[in-house]
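Chemist: Pasting a structure here, questions to come.
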Amino acid sequence: MSAPLSEEARTIEMSAAHALLARAAELDVARPAAVTIGELRRAAAAAGIASRAFDAALAELHPREEAGDGRTPPRRAPLWVRLCLFGVPDRKAAMGFYWIFVAASLTVPLWVATRLQGPAGAMTALAFLAVFVFGICGTSKGVKWADAHGWDTV
C-alpha cells in the first residue's frame, strides 16, 4: 500500500481550486468589511498571481483612481438624476416627493378636467398627467440610482 501524498504534492483542477477558495472565503466570517489594496496585493502574490495581472485587474476595477492618495473619487450622478432629485437631501425626502407625485397624478388631472370643459380641459389634464408621471418615473429611477451608487454623489 502506498503512502498518501502530502498536501504539497497533491494537485487539484483550477475550477475546483476556485470553488475551494470561494467557499473558504464564505466560511471566513471573521474578516473585516474592507481590506487595503496592499493586503490584496500580498494575498494575490501569495496565491501566485503575477503583479502585472493584479495591477491590470485593479485598473479595470477602479479606472479613475487618483494617483495621489489612492482613493477612488466618487462617481458623480448623471444629469438626469441630479435634475430629478434636485434639492432632495436623502431617500426619505425623495420617497415623500414620490408619493406626492402619485397623489397629484391621480387628483390634479381629474380636477382640471372638471373645471375646464372641452379640448382645452382634456389637453391641460393630459399635460398635468404627463408632468406628474415624469415626476413619478424620474424620482423612482433617481432613488434607485442613488441607492445603488450612494446618496453622497447626488
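Chemist: Take the conditions in a helix (DSSP H, G or I), at pLDDT 85 or above and acidic (Asp, Glu) and apply them to Asp147. Does it pass?
Modeler: yes
Chemist: Among the listed residues Gly142, Gly135, identify the single one that is at pLDDT below 85, part of a helix (DSSP H, G or I) and small (Gly, Ala, Ser).
Modeler: Within the list Gly142, Gly135, the selection yields Gly135.
Chemist: Next question, about the same structure. Counting just the residues of the stretch 103-121 that are of a type in the set (Val, Ile, Thr) and out of contact with any helix residue (DSSP H, G or I) (no Cβ under 6 Å at 6 or more places or on another chain), which one comes out nearest to Gly142 (Cα to Cα)?
Modeler: Thr107
Chemist: If you don't mind, there's one more thing I want to ask. Give just the number: which of (1) at pLDDT below 80; (2) crowded, with 16+ Cβ neighbours inside 10 Å does Leu129 not satisfy?
Modeler: If we test Leu129 against (1) at pLDDT below 80; (2) crowded, with 16+ Cβ neighbours inside 10 Å, just (1) comes out false.
Chemist: Follow-up. Determine the pairs where a residue that is aromatic (Phe, Trp, Tyr), located within the stretch 134-150, has a partner that is assigned to a helix (DSSP H, G or I) and at pLDDT 85 or above with Cβ atoms under 8 Å apart, the partner being 6 or more residues away or on another chain.
Modeler: Trp145/Val81
Chemist: Another question, if that's okay. Name the residue, out of Glu8, Glu60, Glu13, that is acidic (Asp, Glu) and either modelled with pLDDT under 75 or surrounded by 10 or more Cβ atoms within 10 Å (Cβ to Cβ) (or both).
Modeler: That would be Glu8, the only listed residue that is acidic (Asp, Glu) and either modelled with pLDDT under 75 or surrounded by 10 or more Cβ atoms within 10 Å (Cβ to Cβ) (or both).
The values are calculated or read from the model by the stated rules, or taken from the named source; none is laboratory data. Computed from a predicted structure; not experimentally measured. Neighbour counts are summed over all protein chains in view; Cβ atoms, including those assigned to glycine, are modelled from backbone coordinates with ideal geometry.
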